[in-house]
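Just so it is clear, none of the values below were taken in a lab; they were calculated from the coordinates. Remember, it's a predicted structure, so these values are computed and weren't measured experimentally. Don't worry about glycine lacking a Cβ; one is built from the backbone with ideal geometry, like all the others, and counts go over all protein chains shown.
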Amino acid sequence: MTVAARRTVLKGIGAAGALGALAGCGVPAAYIEPSERAGKDLSGRDRRLTFANWPLYIDTDDRDRARRPTLDAFEERTGIDVRYTEEINDNDEFFGKISPSLMNRQDTGRDLVVISDWMCARFVRLGWVQEMDRTRQPNVARYLDPLLRTPHFDEGRRFTVPWQSGITGIAYNRRRLGREIRHVSDLWAGDLKGRVTLLSGLDEAFALLMQGDGVDITRWAEDDFHRMCDQVERRVRSRHIRRFTGNDYIKDLAGGDVLACQAYSGDVIQLQADDPDIEFVVPEEGAELWAESLMIPNLARHKRSAERLVDHYYDPEVAARLAAWVAYVCPVPAARDVLASSKDKELAALAEDPLVFPDGALRERLAIARDITPEERPDLAKRWNSLVGL
């Protein structure tokens, strides 16, 4: 499993632009008022819920892949039957699948979904998700990582709760390169000409590149974006940047065609198992911390049960078991102590991995980027896609 396979490129204007066009053609306004979001909750008598997630994004039993230990434990403890589907392969594709129901004030058939935060921002702005009741979620209230509590699109995480998190930084092969990389500017050294790749997705790529230019990504402006694009454009023309990639950067880096690239922390952990010379670096200027989050869509039939399931995954014991399997940045820092106390050497070592549990010094260099607004997106996407060649 790779993060890049999930954090996919938003092409052109995207779904937000399509919604705007529909609103001008006699289709009902997309925004849903808070008073219209809740449906009749059947949780008290209908002990089930439907949970839609990405493929390979939950722990499974090594001897029986149909079993999911952390999910099975919830079912056994609560008596709630969870229909778990791995139906999300692309943020935009999933948006297109469920948006007709949400726009027309219909139940999507799903009680809980996981999508990337930049797409969560769209759902929150449209009023397509329900506010969670934190009185039913004491673990979330207590254990959610402070770094992830206040994204710009959902202050206080009222509508979303991180499932897993990750870092966008730089991966490189130290043995082949023969030196360290510590700054974004190191990517532009002469010995890397034609051996560097950047991510093709606008939402995935822009923050780290801005940070390399000294920009505070929590409050970036359009001028910052265009200045960054000017620099990228020059390096595309000079052929310093080899190409823009999705998750195929993994193959390029592992094969040696590329010596350094924009990358996701979760991918590099997997690459290091086969090649310890591959390193992941959070540049001195900082890196983007992102999340993929749980949301309860409007009119979900089992809201209270869904809230219980979210809180289940914020129990440090449960979060530790999930982190040990998926190896992303765990949104529950308290899970580190659980793993550290394990008698299993591999699990105890995972507690010391800064790409799963960032230490204090690393955390100071991580930031959540301000999301791109619907008004900004058309022009910014057009500029970025012209560089990428989309």
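Here are a few things to note about the model shown:
- Inter-probe distance in nm under a simple model that places probes 7 Å from Cα toward Cβ, at ASP62 and ASP337: 2.8
- Near ILE278, once Lys and Arg are set to +1 and Asp and Glu to -1 for all other residues with Cβ below 15 Å from its Cβ, the sum equals -3.
- Here the Gaussian network model covers the chain, with springs between Cα atoms less than 10 Å apart; of GLY169, GLY255, GLY201, GLY255 fluctuates the most.
- The distance linking segment 175-221 with segment 89-106 is 33 Å (Cα centroid to Cα centroid, whole angstrom).
- When shorter helices are ignored and each DSSP H run of at least 4 residues is given -39500 (n - 2.57), the per-residue value for the chain at 222 nm works out to -10500 deg cm²/dmol.
- If you plug the beta carbon distance of GLU87 and GLU352 into 1/(1 + (r/R0)^6) with R0 = 41 Å, you get a FRET efficiency near 0.70.
- 9 Å beta-carbon shell around ALA351, net charge (K/R +1, D/E -1): -2
- Neighbour-count order for GLU284, GLU279, fewest beta carbons within 10 angstrom listed first: GLU284, GLU279
- Largest GNM mean-square fluctuation across ARG365, ARG176, ARG243, computed for the chain with C-alpha springs under 10 Å, falls on ARG176.
- Taking ARG157, ARG45, ARG219 in turn, the Gaussian network model of the chain (Cα-Cα springs below 10 Å) assigns the largest fluctuation to ARG45.
- Only beta bridges with both residues in the chain are counted; by DSSP, about 60 percent of them are antiparallel.
- Length available on full extension from HIS226 to SER386: 0.36 nm per residue minus the Cα-Cα distance, which gives 56.4 nm.
- Taking other C-beta atoms within 10 angstrom as a stand-in for reagent exposure, GLU155, GLU288 fall in the order GLU155, GLU288, fewest first.
- Ordered by the count of other Cβ atoms within 10 Å of each Cβ, fewest first, ASP203, ASP257 give ASP257, ASP203.
- Between ASP277 and ASN104, the distance separating the two model label sites (each 7 Å from Cα on the Cα→Cβ line) works out to 5.7 nm.
- Positive minus negative residues near TYR172 (Lys, Arg vs Asp, Glu; Cβ under 11 Å): +2
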